[in-house]
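J.: Can you read through this structure? Questions will come right after.
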């Protein structure tokens, strides 16, 4: 059984049918479910909940319930993940923003097999220190 970590853009794309990444996010999440478990860092979940929070409390609650049904586990941001993210960010400077470094750090910390992102500007797996597969949609 494999673990797939997703970034905020994947969840945002999946939830918004008008998003350019909707179709690819939907396919990738279906594949991830077949492979095993799916996790999203708490920081990325917060990022993906901004638009629903702007809309209304019922919109926010609907997304929250949907995530629980999918199911997507929420990975906590703890000291270990924060330290790994800081090291990644220090190595890559402006090429990798802190929210993205937190996603990569979570995948490393959880020993994920796959990391799915919509961000085409990330450095390579080897320089990020992630041993799994990075899928960019």
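J.: With the requirement that a residue be surrounded by 18 or more Cβ atoms within 10 Å (Cβ to Cβ), more than 14 Å from residue 5 (Cα to Cα) and touching a helix residue (DSSP H, G or I) at 6+ places or on another chain (Cβ under 6 Å), what does segment 100-137 give you?
T.: Hit for segment 100-137 is 128, nothing else.
J.: Among (1) more than 20 Å from residue 29 (Cβ to Cβ); (2) part of a loop (DSSP other than H, G, I, E, B); (3) within 12 Å of the chain's Cα centre (by Cα), which single condition is residue 131 missing?
T.: (3)
Here's the yes/no breakdown for (1) under 21 Å from residue 134 (Cα atoms); (2) in contact (Cβ under 8 Å) with a residue 60 or more places away in the chain:
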| residue | (1), (2) |
| --- | --- |
| 23 | yes, no |
| 35 | yes, yes |
| 52 | no, no |
| 57 | no, no |
| 67 | no, no |
| 86 | yes, no |
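J.: Could I ask something else about it? I'd like to check which helices (runs of 4 or more DSSP H) are fully inside segment 1-88 and have at least 1 residues that are at pLDDT 95 or above, in contact with a helix residue (DSSP H, G or I) (Cβ under 7 Å, 6 or more places away or on another chain) and surrounded by 12 or more Cβ atoms within 10 Å (Cβ to Cβ).
T.: Qualifying helices (runs of 4 or more DSSP H): 8-15, 22-35, 42-48.
J.: Looking only at residues that are farther than 17 Å from residue 32 by Cα and in contact with a strand residue (DSSP E or B) (Cβ under 9 Å, 6 or more places away or on another chain) in segment 109-137, which one is modelled with the lowest pLDDT?
T.: My answer is 125.
The values are calculated or read from the model by the stated rules, or taken from the named source; none is laboratory data. This one's a predicted model, so the numbers in the text were calculated from it and none came from an experiment. Ideal geometry is used to build each Cβ from the backbone, glycine not excepted, and the neighbour counts take in all protein chains shown.
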